[in-house]
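**Student:** One structure follows; several queries about it will come next.
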Amino acid sequence: MGNKFFITIFALIFMNEYVFASSFEYGYTSSGFKYVKHQHSESSYQHAWCSANNGIEEFENADYTRVDCLTSTHAVEFDFANKWAESIGQALHYQFMTGKKAKVILILENPKSQMVYYNRVKNLSKIYNFDVEYITPKILNLKNNMCYYPDCKCKLQNK
Ligand SMILES: [Zn+2]
């Protein structure tokens with residue numbers, strides 16, 4: 001193994017960190033656990049979209065899993081962009097349980113840098129025949145520190 005091998009490995013590690021660092025903001029718990037910071041709670045996006053689309057939130061399936069939002073046509077799973085991969089599995093499971101078409105709604109708090117994750121899901125949706133859309137705070141009119149949901153983390157941060 002020559003230097004070229006190590007340079008390639010370091011370049012890959014560095015690029016990976018670079019891509020993620022530009023897409024997400026991180027926080028650290030007191031025990032040093034790294035997590036992705038968000039403007040609003042996932043549930044706030046879910047409330048806003050689901051009520052605008054006349055859906056039922058937290059619809060319980062026969063196997064006790066819960067659909068984030070069940071509309072007349074879709075079983076919808078909401079996730080932040082960093083959870084793009086798991087969102088597909090969950091949405092497809094909800095489709096299987098409800099008989100309604102799977103839909104992933106990806107929350108892009110930083111649409112410019114996170115669109116790459118939406119495009120990954122979009123590409124797979126064409127192959128595996130499910131629906132996908134993205135939402136942003138702007139699309140749902142969720143202003144920072146000013147959304148309508150008292151339990152949202154944007155409210156708790158300023159207290
Ligand atoms: Zn909020």
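Every number here is computed from the coordinates shown, using simple stated rules; none is lab data. Computed from a prediction, not measured in an experiment: that's the story for all the values here. Cβ coordinates were reconstructed from backbone atoms using ideal geometry, including for glycine residues, and neighbour counts include every protein chain displayed.
**Student:** Which distance in Å, rounded to a whole number, links the C-alpha centroids of region 114-131 and region 28-85?
**Tutor:** 17
**Student:** Given H placed on each backbone N at 1.01 Å, which residues far from Phe80 in sequence or on other chains put an amide H within less than 5 Å of it?
**Tutor:** Answer set, sorted by chain and number: Ile107.
**Student:** Still on this structure: Using R₀ = 35 Å, calculate the FRET efficiency as 1/(1 + (r/R₀)^6) where r is the Cβ-Cβ separation of Lys126 and Lys34; round to 0.05. The partial results should precede the final answer.
**Tutor:** Values: r = 33 Å, r/R0 = 0.94.
So the FRET efficiency works out to roughly 0.60.
**Student:** Once you've got the Cα coordinates, tell me which of Lys122/Lys143; Lys34/Lys112; Lys126/Lys153; Lys34/Lys101 are over 30 Å apart. Present the calculation step by step, with values, prior to reporting the outcome.
**Tutor:** Numbers: Lys122/Lys143 27 Å; Lys34/Lys112 23 Å; Lys126/Lys153 34 Å; Lys34/Lys101 34 Å.
Too far apart for the 30 Å limit: Lys126/Lys153; Lys34/Lys101.
**Student:** Could you give me the ³J(HN,Hα) list for region 97-109, computed from phi with Karplus coefficients 6.51, -1.76, 1.60 and θ = phi - 60°, whole Hz, x at Gly and Pro?
**Tutor:** Along region 97-109, the couplings run 6, 9, x, 9, 5, 5, 9, 9, 10, 8, 8, 10, 7 Hz.
**Student:** A follow-up question, please. For Asn119 and Thr73 in one chain, what is 0.36 nm times their gap in residues minus the Cα-Cα distance, to one decimal in nm?
**Tutor:** Extra length available between Asn119 and Thr73 comes to 14.3 nm.
**Student:** Rank-order 123-133, 96-106 by packing density, defined as the average count of other C-beta atoms within 10 Å over each peptide's residues, highest first.
**Tutor:** Highest to lowest by the protection proxy: 96-106, 123-133.
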